[in-house]
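The values are calculated or read from the model by the stated rules, or taken from the named source; none is laboratory data. None of the values given here were measured: they were computed from a predicted structure. As a convention, Cβ positions derive from the backbone with ideal geometry for all residues, glycine included, and neighbour counts pool all protein chains shown.
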Amino acid sequence: MYIEQIPPHSIEAEEYVIGAILIDPDCMHIVPDILKPGHFYRERNRWIYEAMLTVWNQGRPPDMAVVGEELTRTKHLGDCGGYAALSAMSAVVPTSVHAQYYAEMIAKSAVNRSVIGFASELAGKAYDNPYDVEQALAEAESSLLALYPQELRNGMTSMRAVMDEFLQSQADTIEGLISQKTIPTGFMDLDLLLGGLPRSDMLILAARPGVGKSALALNIALKASQKNFITGIFSIEMSKEQVAMRIISEQANVNGMRLRQGLYTGDEELRIMDAVGEISELPLYVDDTPRVSLSQIRSRARRMKAQSGLDLLIVDYLQLVTTDRRMNRVEEVTEVTAALKGLARELNIPMLALSQLNRASETRTEHRPILADLRDSGSIEQDADTVLFLFREDMHITEEDWLVRNPTVPYPRGIAEVIVAKHRHGALGTVKLQFASALASFKSLGNEET
């Protein structure tokens, strides 16, 4: 006896995604990149999703009232179960956090249904014309390729196309449009070594606590935004008020401690007011959500890219990013680094992620960090296009001990070394910067900045 099998699908997943959009319209910054109306198995769910896409593209929120109005216009509201059905879908969704996961599940089910349909059609053609093998295979190959999701169709690219892109990039460089490809750090020697921060790359800035990696990242963010590059910062460890204090201190050249306590002079107050006015006009954004999740970073970065643009994203710091799944620390960091690398490529921006180092360097005679010191996971080194270490000799040796060991060499007070330990696009090396801890500010030793 033949029993007809039901094609793969998940009505629950479809209704979860619809409900998630109804309670959190910001899901539309993510879901439409994954789901098309044809991916839905249940027709009424497809009609609802089509209505959501329509109102979203019109600039209206896809909430229950607006979606219901659009369904009424297309004469589908009654067939979809009316407002009661929309209300029921939104009521069973406690959070929209997992919308991307369920959207991907629906899309995969749709591909599987297409494969099943393709196999049945191919079998029918083979029965109808069993002798024209070449035609059957050619049609099968063409139809099968069309089933691939768009992101899997890239495949091979001819060297002619690659060379055309290369020549165009060279023309852009000659015409002074290199900023389209890279974002300057603002430190001349570092930019000469790195060529700037390349778009679609993930860069790691790692150091032991207290060395100044957050300060350096904020300095880079400030300098990039002053060049009119739209910069976003996920400050997981510091509040936005602390971030603002640091930036103002650096920009106004006022001791950070006195700034926090309000113990500044009249002249310093004028500089602070000027700095506040200048910083307020910069395309610089801060998100200080504590223990921000990976899905929140992706969602908010995509939203920012769509709404205001985004040229540079900084995550401070890597080990504080959480995931939506339960896993051990190594697995969690592995997922985070892979996802941030993917996000950098998707949004075509440099991703600068800060990272802690383990204690191994503290136990060695030579304290300069090495790649093996990256904390929690080898995937940090693997996924990163560039790894930068921040190191300060004066944190490991007193001036007295230094003079005993190096009597002819000046004590490196406030000298920070940016060590390029991995560089997928170029040479390794070390750049020295002057660090003013009272201002949380770095400057090039020659005081020349880009």
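For this structure, a couple of remarks:
- Candidate set from the range 60-80 (those that are of a type in the set (D, E, K, R) and either within 20 Å of P25 (Cα to Cα) or out of contact with any Leu (no Cβ under 9 Å at 6 or more places or on another chain) (or both)); member that is surrounded by the most Cβ atoms within 10 Å (Cβ to Cβ): E70
- Taking residues in the range 107-119 that are of a type in the set (S, T, Y), and partners anywhere that are in a helix (DSSP H, G or I), the pairs with Cβ atoms closer than 7 Å and at least 6 places apart or on different chains are S114/L147.
- Complete set of residues in the range 393-423 that are under 29 Å from the mean Cα position of the chain (by Cα) and not acidic (D, E): A416, V418, I419, V420, A421, K422, H423
- Residue within the range 393-415 that is in contact (Cβ under 8 Å) with a residue 24 or more places away in the chain, touching a Phe, Trp or Tyr at 6+ places or on another chain (Cβ under 6 Å) and either surrounded by 12 or more Cβ atoms within 10 Å (Cβ to Cβ) or part of a loop (DSSP other than H, G, I, E, B) (or both) present: no
- Verdict on S239 being surrounded by fewer than 22 Cβ atoms within 10 Å (Cβ to Cβ), of a type in the set (G, A, S) and farther than 17 Å from L390 by Cα: yes
- Scoring V321 on the criteria (1) closer than 21 Å to T95 by Cβ; (2) out of contact with any helix residue (DSSP H, G or I) (no Cβ under 8 Å at 6 or more places or on another chain) leaves a single failure, condition (2).
- Residue in the range 172-180 that is surrounded by 15 or more Cβ atoms within 10 Å (Cβ to Cβ), part of a loop (DSSP other than H, G, I, E, B) and modelled with pLDDT under 85 present: no
- Residue satisfying condition, being modelled with pLDDT of 70 or more, in the same structural domain as P7 (by TED's automatic domain parsing) and over 38 Å from the mean Cα position of the chain (by Cα), within set S96, S120: S120
- Odd one out for R42, checked against (1) surrounded by fewer than 22 Cβ atoms within 10 Å (Cβ to Cβ); (2) closer than 18 Å to S299 by Cβ: (2)
- Any hit, the range 304-316, residues being surrounded by 15 or more Cβ atoms within 10 Å (Cβ to Cβ), under 12 Å from the mean Cα position of the chain (by Cα), under 19 Å from I34 (Cβ atoms) and not aliphatic (A, V, I, L, M): yes
- Only strands (runs of 3 or more DSSP E) whose full extent lies in the range 268-364 are considered here, and the ones with at least 2 residues that are among the β-branched types (V, I, T) are 312-316.
- Only listed residue being modelled with pLDDT of 90 or more and not charged (D, E, K, R), chosen from L347, L320, L343, L313: L313
- Within the range 227-280, the set of residues being of a type in the set (S, T, Y), under 17 Å from L216 (Cβ atoms) and out of contact with any Ser or Thr (no Cβ under 7 Å at 6 or more places or on another chain) comprises S235, S249.
- Options I247, I220; residue that is without any contact (Cβ under 8 Å) to a residue 60 or more places away in the chain, surrounded by 20 or more Cβ atoms within 10 Å (Cβ to Cβ) and not in a strand (DSSP E or B): I247
- Checked against (1) more than 24 Å from T363 (Cα to Cα); (2) at pLDDT 85 or above, S441 passes all but a single condition, namely (2).
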